[in-house]
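First the structure, in the form of C-alpha coordinates, and then the observations on it.
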Amino acid sequence: MYVRRLIAVAGFVASLSLGVSACTATGAGATSECDVQGCTVTFDRGVDAKISVLGVDAELAAVEGNVVTLKVAGQDVTVPMGSTESAQGLDLTVREITQEKVVVQLSTGL
(Lines give C-alpha, C1' and ligand atoms only; values in the text may rest on other atoms or scores of the structure.)
Protein backbone atom coordinates (compact mmCIF):
# COMPACT_ATOMS: atom_id res chain seq x y z
CA MET A 1 0.00 0.00 0.00
CA TYR A 2 2.85 2.39 0.86
CA VAL A 3 4.52 1.81 -2.52
CA ARG A 4 1.26 2.46 -4.38
CA ARG A 5 0.77 5.75 -2.50
CA LEU A 6 4.39 6.75 -3.13
CA ILE A 7 3.98 6.10 -6.86
CA ALA A 8 0.73 8.11 -6.95
CA VAL A 9 2.33 11.05 -5.12
CA ALA A 10 5.38 10.92 -7.43
CA GLY A 11 3.07 10.96 -10.46
CA PHE A 12 1.12 13.85 -9.01
CA VAL A 13 4.31 15.86 -8.38
CA ALA A 14 5.62 15.01 -11.85
CA SER A 15 2.40 16.20 -13.49
CA LEU A 16 2.65 19.47 -11.59
CA SER A 17 6.20 20.01 -12.80
CA LEU A 18 4.98 19.55 -16.40
CA GLY A 19 2.72 22.57 -16.07
CA VAL A 20 -0.52 20.96 -14.90
CA SER A 21 -1.71 23.31 -12.17
CA ALA A 22 -4.83 21.56 -10.99
CA CYS A 23 -6.83 18.38 -11.38
CA THR A 24 -10.30 17.29 -10.43
CA ALA A 25 -11.55 13.84 -9.43
CA THR A 26 -14.97 12.52 -8.49
CA GLY A 27 -16.10 9.60 -6.40
CA ALA A 28 -19.33 8.35 -4.90
CA GLY A 29 -20.77 11.46 -3.25
CA ALA A 30 -17.45 13.30 -3.26
CA THR A 31 -15.30 15.56 -5.45
CA SER A 32 -11.71 16.72 -5.15
CA GLU A 33 -9.66 19.54 -6.55
CA CYS A 34 -5.90 19.18 -6.32
CA ASP A 35 -3.09 21.67 -6.71
CA VAL A 36 0.49 21.99 -5.53
CA GLN A 37 -0.52 22.22 -1.87
CA GLY A 38 -2.65 19.06 -1.89
CA CYS A 39 -6.29 18.21 -2.50
CA THR A 40 -9.49 19.75 -1.22
CA VAL A 41 -12.16 17.06 -0.95
CA THR A 42 -15.85 17.90 -0.63
CA PHE A 43 -17.92 15.02 0.80
CA ASP A 44 -21.70 15.09 0.46
CA ARG A 45 -23.49 14.32 3.73
CA GLY A 46 -26.28 11.79 3.95
CA VAL A 47 -24.77 9.46 1.34
CA ASP A 48 -22.01 6.86 1.28
CA ALA A 49 -19.36 9.43 0.27
CA LYS A 50 -15.93 8.14 -0.75
CA ILE A 51 -13.13 9.01 -3.14
CA SER A 52 -9.65 7.88 -4.12
CA VAL A 53 -7.14 10.73 -3.97
CA LEU A 54 -3.34 10.96 -3.66
CA GLY A 55 -3.16 7.18 -3.87
CA VAL A 56 -5.47 6.42 -0.94
CA ASP A 57 -9.17 5.78 -0.47
CA ALA A 58 -10.92 8.33 1.75
CA GLU A 59 -14.45 8.01 3.10
CA LEU A 60 -16.69 10.19 5.25
CA ALA A 61 -17.58 7.88 8.14
CA ALA A 62 -19.38 10.20 10.60
CA VAL A 63 -20.01 13.79 11.64
CA GLU A 64 -20.91 14.68 15.22
CA GLY A 65 -21.14 18.40 15.87
CA ASN A 66 -17.79 19.88 14.84
CA VAL A 67 -15.95 16.55 14.76
CA VAL A 68 -15.51 14.52 11.58
CA THR A 69 -14.50 10.86 11.39
CA LEU A 70 -12.86 9.86 8.13
CA LYS A 71 -11.79 6.42 7.02
CA VAL A 72 -8.44 6.79 5.22
CA ALA A 73 -7.06 3.59 3.67
CA GLY A 74 -9.20 1.65 6.15
CA GLN A 75 -7.97 3.62 9.20
CA ASP A 76 -10.48 5.67 11.22
CA VAL A 77 -9.26 9.22 11.86
CA THR A 78 -11.18 11.72 14.01
CA VAL A 79 -10.55 15.38 13.12
CA PRO A 80 -12.15 18.36 14.92
CA MET A 81 -13.10 21.36 12.77
CA GLY A 82 -10.02 23.49 12.04
CA SER A 83 -7.60 20.87 13.38
CA THR A 84 -5.10 18.70 11.53
CA GLU A 85 -4.50 14.98 12.05
CA SER A 86 -2.20 12.60 10.18
CA ALA A 87 -3.06 9.28 8.53
CA GLN A 88 -1.30 7.17 5.92
CA GLY A 89 1.30 9.88 5.27
CA LEU A 90 -1.32 12.59 4.72
CA ASP A 91 -2.23 15.61 6.81
CA LEU A 92 -6.03 15.98 7.08
CA THR A 93 -7.61 19.33 7.97
CA VAL A 94 -11.36 19.87 8.25
CA ARG A 95 -12.14 23.22 6.61
CA GLU A 96 -15.95 23.33 6.60
CA ILE A 97 -18.93 21.44 8.00
CA THR A 98 -22.47 22.21 6.85
CA GLN A 99 -25.74 20.28 6.73
CA GLU A 100 -25.01 19.38 3.09
CA LYS A 101 -21.24 18.82 2.96
CA VAL A 102 -17.89 18.40 4.69
CA VAL A 103 -14.76 19.97 3.16
CA VAL A 104 -11.38 18.43 4.04
CA GLN A 105 -7.89 19.47 2.94
CA LEU A 106 -5.47 16.57 2.33
CA SER A 107 -1.79 17.34 1.92
CA THR A 108 1.34 15.24 1.67
CA GLY A 109 3.70 17.66 3.36
CA LEU A 110 5.98 17.64 0.30
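The values are calculated or read from the model by the stated rules, or taken from the named source; none is laboratory data. Model, not experiment: these values are computed from the prediction. A quick note on method: Cβ atoms are made from the backbone with ideal geometry, for glycine too, and the neighbour counts reach across all protein chains shown. Areas reflect the complete protein model, heavy atoms only, side chains present, ligands, DNA and RNA absent. Shrake-Rupley method; radii C 1.70, N 1.55, O 1.52, S 1.80 Å.
Descriptive notes on the structure:
- When restricted to residues that are more than 8 Å from the chain's Cα centre (by Cα), modelled with pLDDT of 95 or more and not acidic (Asp, Glu), region 32-44 contains 2.
- Residue 72 fulfils the conditions (1) open to solvent by less than 40 Å² (accessible area, probe 1.4 Å); (2) free of Cβ contacts under 8 Å to residues at least 24 places away in the same chain; (3) over 16 Å from residue 27 (Cα atoms) except for a single criterion, (3).
- Residue within region 57-76 that is touching an Asp or Glu at 6+ places or on another chain (Cβ under 7 Å) and hydroxyl-bearing (Ser, Thr, Tyr) present: yes
- Top-ranked residue of region 75-110 - restricted to ones that are of a type in the set (Val, Ile, Thr), over 20 Å from residue 24 (Cα atoms) and under 13 Å from the mean Cα position of the chain (by Cα), ranked as most open to solvent (accessible area, probe 1.4 Å): 84
- Note on region 25-68: enclosed strands (runs of 3 or more DSSP E) holding 3 or more residues that are free of Cβ contacts under 8 Å to residues at least 40 places away in the same chain are 30-35, 50-53, 56-64.
- Within region 86-110, residues that are farther than 13 Å from residue 40 by Cα sit with their Cβ atoms under 8 Å from residues that are open to solvent by 10 Å² or more (accessible area, probe 1.4 Å) and among the hydroxyl-bearing types (Ser, Thr, Tyr), at 6+ positions apart or across chains, in these pairs: 89/2; 89/108.
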